[in-house]
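Read-outs throughout are calculated quantities, based only on the coordinates presented, and are distinct from any laboratory measurement. Note that the structure is a prediction, hence the values are computed from the model and not measured. No Cβ is skipped: glycine too gets one built from the backbone with ideal geometry, and neighbour counts run over all protein chains shown.
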Amino acid sequence: MSTETKTTEVSASSAQVSATLLDGKALAGEIETALRLRVDAIKAKTGRTPILATILVGEDPASATYVRMKGNACKRVGMDSIRVEMPSNTTTEELMAKIDELNNSQDVHGILLQHPVPAQIDERACFEQIKLEKDVDGVTCLGFGRMSMQESAFGSCTPQGIMHLLHHNNIELAGKEAVVVGRSAILGKPMAQMLLNANCTVTICHSKTQNLAAHVQRAEIIVGAVGVPELIKSEWIKQGAVVIDAGFHPTDTGGVGDIEMRGVENIASAYTPVPGGVGPMTINTLIRQTVDAAEKSAGL
Ligand code: NAP
């Protein structure tokens with residue numbers, strides 16, 4: 001599958017604009033092809049198969065689907081996955097003990113704790129229990145801190161996948177005004193930090209931000225990471241901005257993101273489709289970072 005940049009020639013009222021479609025699905029497919037070769041090389045060299053352990057606590061159907069998709073992605077590149085399922089009344093101590101077991105297993109290269117976990121569990125404490133070298137989902141404070149300080153660590157998968165998509169499409173970041181709407185631990189905060197590390201001037205907006213429109217109107221790079229359908233209006237987007245939408249909300253006609261995308265191809269210089277932009281890059285990054293971890297543990 002080729003990931004040649006797709007360019008849509010469109011006529012805007014004021015200027016001729018070429019909007020680049022940031023095609024995450026195509027890029028993820030291309031990366032998987034390369035990962036298969038790396039997995040084969042690990043197997044040939046060590047006689048062992050890279051393994052991602054996924055932990056699902058409780059029976060949330062959406063979480064079960066995500067875990068299944070992650071297991072399928074492992075299979076596609078020739079990796080194995082261990083699927084740990086724990087009952088919804090699991091305690092923090094029981095979950096931490098299971099994480100320790102996986103931390104200590106020579107066979108496991110990466111650990112994914114599917115979030116959210118049931119309310120009685122201290123989710124943060126359980127994330128922190130994951131060993132840095134197996135934190136392929138980039139959820140620990142230590143990993144976040146090291147990433148922020150530009151030391152080696154696995155980045156949180158969704159923002160790391162977005163950075164990959166931006167770099168792959170040669171989007172210039174240095175000196176750009178970036179606005180990230182959302183400040184969650186897994187998405188908004190690491191996204192802002194990664195853009196800062198790429199020399200953007202970064203603003204982070206959240207639910208207490210005054211006059212969101214005014215911040216978005218300044219943005220040359222805009223990331224929607226709010227979880228509210230079409231909260232960010234297309235009329236706020238500056239001509240020539242790069243528009244990244246992490247949200248997905250199913251609708252009768254397919255789905256919408258956190259950004260109103262109507263007419264965005266006439267305004268943006270580049271944008272992620274919804275779906276098919278950010279989503280495929282998230283799981284792809286998890287698998288890629290697990291292969292990185294397996295290579296590192298094998299001394300490759
Ligand atoms: P989250 O934990 O619910 O965080 C949402 C953030 O948005 C919070 O920081 C919140 O501010 C802010 N916010 C909410 N309403 C706002 C408003 N009216 N104005 C400005 N900011 C507002 O969500 P998340 O996990 O980061 O996810 C965000 C989006 O990304 C969702 O659409 C989710 O589905 C999507 N997502 C996609 C992937 C993927 O793989 N594609 C992965 C993860 C998330 P406060 O901090 O002040 O509450």
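His167 satisfies every condition listed in (1) touching a residue at least 12 places away in the same chain (Cβ under 8 Å); (2) more than 16 Å from the ligand (Cβ to nearest atom) except (1). The set of residues in region 58-67 being more than 21 Å from the chain's Cα centre (by Cα) and either assigned to a helix (DSSP H, G or I) or surrounded by 17 or more Cβ atoms within 10 Å (Cβ to Cβ) (or both) consists of Gly58 alone. The residues on offer are Val216, Val256, and the sole one that is in contact with an Asp or Glu (Cβ under 6 Å, 6 or more places away or on another chain) and within 14 Å of the ligand (Cβ to nearest atom) is Val256.
Condition check ((1) touching a strand residue (DSSP E or B) at 6+ places or on another chain (Cβ under 6 Å); (2) in contact (Cβ under 8 Å) with a residue 60 or more places away in the chain) across all residues:
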position: Glu32; (1), (2): no, yes
position: Thr46; (1), (2): no, yes
position: Ile55; (1), (2): yes, no
position: Pro61; (1), (2): no, no
position: Ala73; (1), (2): no, yes
position: Glu101; (1), (2): no, no
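Listed here are the strands (runs of 3 or more DSSP E) enclosed by region 137-239 that have at least 3 residues being over 17 Å from Ala268 (Cα atoms): 201-205. Listed by first and then second residue, the pairs with beta-carbon distance under 7 Å, at least 6 apart or on different chains, first residue in region 245-274 and touching a residue at least 40 places away in the same chain (Cβ under 8 Å) and assigned to a strand (DSSP E or B), second of a type in the set (Ser, Thr, Tyr) and away from the ligand (no atom under 16 Å from the Cβ), are Ala270/Thr20. Looking at Ala185, Ala213, Ala198, which is the one that is within 23 Å of Glu260 (Cα to Cα) and surrounded by fewer than 24 Cβ atoms within 10 Å (Cβ to Cβ)? The unique qualifying residue is Ala213. Taken over region 26-49, the criterion of being under 13 Å from Ala294 (Cα atoms), part of a helix (DSSP H, G or I) and among the β-branched types (Val, Ile, Thr) is satisfied by Val39, Ile42, Thr46. Within region 124-136, the set of residues being part of a loop (DSSP other than H, G, I, E, B) and either more than 17 Å from the chain's Cα centre (by Cα) or surrounded by fewer than 22 Cβ atoms within 10 Å (Cβ to Cβ) (or both) comprises Ile130, Lys131. For region 68-95, a residue qualifies if it is within 16 Å of Phe127 (Cβ to Cβ) and in a helix (DSSP H, G or I), and the qualifying residues are Thr92, Glu93, Glu94, Leu95. Every condition in (1) within 11 Å of the ligand (Cβ to nearest atom); (2) more than 26 Å from Leu113 (Cα to Cα); (3) polar (S, T, N, Q) holds for Thr158 except the one numbered (2). If you check Ile121 against the conditions, is it of a type in the set (A, V, I, L, M), on the phi < 0 side of the Ramachandran plot, in a loop (DSSP other than H, G, I, E, B) and surrounded by 19 or more Cβ atoms within 10 Å (Cβ to Cβ)? So Ile121 fits the description; yes. Checking the stated criteria, Ala293 turns out not to satisfy the condition of being outside any strand (DSSP E or B), surrounded by fewer than 16 Cβ atoms within 10 Å (Cβ to Cβ) and among the aliphatic types (A, V, I, L, M).
Comparison of Val228, Val180 shows that the only residue that is within 15 Å of Gly257 (Cα to Cα), within 15 Å of the ligand (Cβ to nearest atom) and under 17 Å from the mean Cα position of the chain (by Cα) is Val180.
Counting only residues that are hydrophobic (A, V, I, L, M, F, W, C), in a helix (DSSP H, G or I) and under 28 Å from Glu295 (Cβ atoms), region 96-110 holds 3 of them.
Suppose the filter is under 16 Å from Ile287 (Cα atoms) and of a type in the set (Gly, Ala, Ser); does Ala73 pass it? Taking the combined requirement at face value, the residue satisfies it.
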